[in-house]
Structures are given as C-alpha cells and as structure tokens.
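Trainee: Structure provided below as structure tokens; questions to follow.
The values are calculated or read from the model by the stated rules, or taken from the named source; none is laboratory data. Note that the coordinates shown come from a computational prediction; the quantities given were computed from them, not determined experimentally. We place every Cβ from the backbone using ideal geometry, glycine too, and count neighbours over all the protein chains shown. Please note that ligands, DNA and RNA were not included when accessible areas were found on the heavy atoms of the full protein model with its side chains. Shrake-Rupley method; radii C 1.70, N 1.55, O 1.52, S 1.80 Å.
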Amino acid sequence: MDDFLIYSSYLILLINLVLYTFSFFHKEKANVFFVSYLAFSTVLQFSMELVYHLGMSNLFLVNIFFIGQMIILGLFYNSLFYNKAQKIFVKTSLIIALLILLIQFVIDSSQFLKFNLFGITLTSLLIVVFALLHFYNMLTENKKYYYISMGIVFYLLASTVLFLIGNLSTGLSADLKYLSWQLNAFLLIVYYLIILFEWLKSFSRKSLQN
C-alpha cells in the first residue's frame, strides 16, 4: 500500500511536469516559476527515493526540498502579484525566513541533517500566506491558478498538522504515527491531482479554445 501511494504520487507529478512544460514552451501559457517548481519537486522526490534505497538518510534532501519549495513558490506568487506592497512583502518575508533558518543552522548545524519540524512549519505556512494573498487578489482579478492555490493551501496546512502530530505527540502509538504518514502520502496524491485538474481547466487545448 505504501509503495502504491508513493509511486502513484511520483507518476502524477511526472505527468504534471510534462504537461506544464509543454504548455510553457509550446503555448507560452504556464508560469515559468511553477514549471520550475514541478521540475524541482520531481528531481528532489526521485533523489530522496534513490538515497533511501541506497540505505542512507535522505533528511538533508527533505530540508532542501522545503526550503527550495518556499523560495520557488514565493517567486511564483510574486510574479502573479501586481500590488507593489505585496511584492515587497513576499521578497522581505523570504529573506527573513532564510535568515532565520541560517541562524538556526549556525546555532545547531545538525538540524540540517534531521527532520527539521520548525523549518518545515515556517516554510509551509509562509507559502500558505502567499496563497491566501492571491485568493484575496482574485476577488477583483481573474482567477488565475485558482485550483493550484487551493491545493497548496489544502495540502500544506494538512501536511503541517500531520507532521506536528506525528513528531510532537510522543504519547501516540507507533501505528497511529504510521497512519499519519500514510494519510500525508494520500494527501500528496490529491494535491498533485488538483494541479493536474488546473492544467485541464486552464491549459489544455480544449480550455484554450473555449
């Protein structure tokens, strides 16, 4: 069951990368930062899988993934914003977050080789804030990347809660913690399917003709 969930998410992610890359290079429609995010996610996911099968810890790659995800999705939303104050907020927030993580690393460099719950929570919630700003803008603007933003808010909030439950609740049974990781894998599939749905609604040939 675990392998099915994991490899299903990899397959859907790869399909998304191919479709959005096609839309970017052939239709010039897809956002370059979002395509970069999909490419980055694909490379990191397969790298983490490879390192795991080599019998080594892939937690340093996990931390790289969340930091990179924050930067790329931050730039993605920055490119969607027209309000100058919002652009400044995104750039300032990214710099402050990176400085906080750098200070944490300087104080305790071993955090980079561990499951850094603070870093994951910080980077994930910051992206959620950017997405919520985009939702606010869509009240008066076109609903561009609406489903993707909905998926980002849904997945990052849910996964952050699951990570907190699985790592901070020492009283939970091992089976319950394992269930939280399975649920997170399922939510990741739902997230990638939402991204696929966005492509079908906004970038497929039928949607462009309409």
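Trainee: Of 84/114; 84/144; 91/143; 87/114; 91/114, which sit over 29 Å apart, Cα to Cα?
Mentor: In this structure, 84/114; 87/114 lie more than 29 Å apart at Cα.
Trainee: Continuing with the same structure: Which percent of the accessible area of the chain is formed by carbon and sulfur heavy atoms (probe 1.4 angstrom)?
Mentor: That fraction is 71 percent.
Trainee: Okay, next question. Between the helical axis of 32-53 and the dominant principal axis of the chain, each derived from Cα atoms, what acute angle in degrees is found, rounded to the nearest 10?
Mentor: It works out to around 30 degrees.
Trainee: For q = 0.13 Å⁻¹, what log10 I(q)/I(0) does the chain give under the Debye formula with an equal point scatterer on each alpha carbon and no solvent?
Mentor: Those come out to -0.78, one per q.
Trainee: Using a Förster distance of 30 angstrom, determine the FRET efficiency expected from the C-beta separation of residue 106 and residue 11, and round it to 0.05.
Mentor: 0.15
Trainee: Rolling a 1.4 Å sphere over the protein heavy atoms, what is the accessible area per residue of the chain, to the nearest Å²?
Mentor: Details: 11500 Å² over 210 residues.
Per residue, the chain has 55 Å² of solvent-accessible surface.
Trainee: Right, another one. Which chymotrypsin sites (Phe, Trp or Tyr not before Pro) in the stretch 66-105 pass both tests, a DSSP loop state and at most 15 other beta-carbon atoms within 10 Å?
Mentor: 82
Trainee: Measure out, as a whole number of angstrom, how far apart the alpha-carbon centroids of the stretch 141-164 and the stretch 41-114 sit.
Mentor: Using only Cα atoms to place each centre, the spacing works out to 17 Å.
Trainee: Would you work out the charge dipole size for the chain about its Cα centre, treating the Cβ of every Lys and Arg as +1 and the Cβ of every Asp and Glu as -1, and quote it to the nearest 20 debye?
Mentor: 800 debye
Trainee: Using only alpha carbon positions, build the gyration tensor of the stretch 10-53, then give the equivalent ellipsoid semi-axes as the square roots of 5 times its eigenvalues, largest first, whole angstrom. All intermediate terms of the calculation are to be shown ahead of the outcome.
Mentor: Numbers: eigenvalues 108, 18, 6 Å².
So the three semi-axes of the stretch 10-53 are 23, 10, 6 Å.
Trainee: As a test of understanding, state the convex hull volume per residue of the stretch 31-101 from its alpha carbons, in Å³.
Mentor: 55 Å³
Trainee: Which of 38, 75, 102 moves the most in a Gaussian network model of the chain with Cα springs under 10 Å?
Mentor: Among 38, 75, 102, the largest GNM mean-square fluctuation belongs to 102.
Trainee: Additional query: Among 70, 150, what's the order by accessible area (1.4 angstrom probe), most exposed first?
Mentor: Details: 70 0, 150 80 Å².
Reading off the accessible areas and sorting them downward yields 150, 70.
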